[in-house]
Structures are given as C-alpha cells and as structure tokens.
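Where a number appears in this text, it was derived from the coordinates with a stated rule and is not lab data. The model shown is predicted, which means the values in this text are computed figures rather than measured ones. In this analysis, Cβ positions are derived from the backbone assuming ideal geometry, glycine residues included, and neighbour counts consider all displayed protein chains.
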Amino acid sequence: MGEAAAILRWVQSNFPYREDIAGVETLYSPRTMLRHLEAGIPHGDCDDFTILVSALAGSIGFEYRLATTQTREPGAWSHVYPELLVAGRWMAADGTNASAPLGWEAPSFGKAVDMDSEGKREALRGFLGDTPDAQELRVTAAKAAVDEAIRATRAVLERARAGE
C-alpha cells in the first residue's frame, strides 16, 4: 500500500483542485500536468487527477480501473477517480480531496466501475459530454493518454536502469 499511497499523496500535495471552465471539458495528459507543475501553475480536476494517478501507478505495475459516481444528485454522473489494485483489493485513489487517504471515497448516490462501452456512455452522460459519441471519444482519449504516459514512463525507467 505504501507506493500507491505515496503516489496519491504526491498528486494531492502538488496539484490543487480547480474545476474546468464552465461548459468546457478539458483532459490534461500526465505530461501536460507535469509541465504545469514545472511552470508553477499546477492544477486539475477529477479527470486530470484520474489520468495522472493512473499513469503514475500503472508505470510501476499497479492495475487500475476508472470509477464514476453520482456525487451531486441521483442520476447525475459527476465525478471520476481511479481505483488501484493494492494487495488484492481495489482501493479508491481520489486526488480531488487533498487530505483523503488511499481508499477514501466521496459520498455518492451511485457508483459504476469498468463497464462495457455501452455502460460507459450511459454512466458518463452529462459528465463528459452531451452525446454518446462525444463521451466515447473522451473516454478513449483519456485511456489513451494514460496508456501513453505509462509507456513513456516505463521507457524512461528502462533507460535509467540501463545507465543512459
């Protein structure tokens, strides 16, 4: 649990929560998040933290999955966070609450985890866009960003191990 908790604490302590501009959904890649940190303007919202925590944890071998919840009202899917497989148990790694420990989950009216494509479109309606096609595109982009970040991080680690 130590490495997963350390990743979560690092994200929470270095990236303050900031909502997207009203009506504009942004998804920052892990690389962009780190560039913002380097430039002294770190920030993100739940989807940005989800992508970053998933990429960092995945790069050192943790399995992850995405959870969406209805935190504002029943039927309104409004929050996303990663769950990491730690010691055989799925644990929430929600970076939006700066003081929340690994395993903490925001109170919600409902939760959905790793659904099929049709389920994702339904659960993310209103969270990532207005149409099923827009939602699917954004979910695919978010997962691709995580996968790309994991590959890039692993490549850097391999070069470091090889002494390059």
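Residue count for the range 76-109 under the criterion of being under 15 Å from Thr50 (Cβ atoms) and in a strand (DSSP E or B): the result is 9.
Residues in the range 1-47 that are aliphatic (A, V, I, L, M), in a helix (DSSP H, G or I), farther than 26 Å from Gly88 by Cβ and within 15 Å of the chain's Cα centre (by Cα): Met33, Leu34. When the residues of the range 55-70 are filtered to those that are in a loop (DSSP other than H, G, I, E, B) and buried (at least 18 other Cβ atoms within 10 Å of the Cβ), the one that is nearest to the chain's Cα centre (by Cα) is Phe62. Tallying residues that are buried (at least 18 other Cβ atoms within 10 Å of the Cβ) and in contact with a strand residue (DSSP E or B) (Cβ under 7 Å, 6 or more places away or on another chain) within the range 77-104 yields 14.
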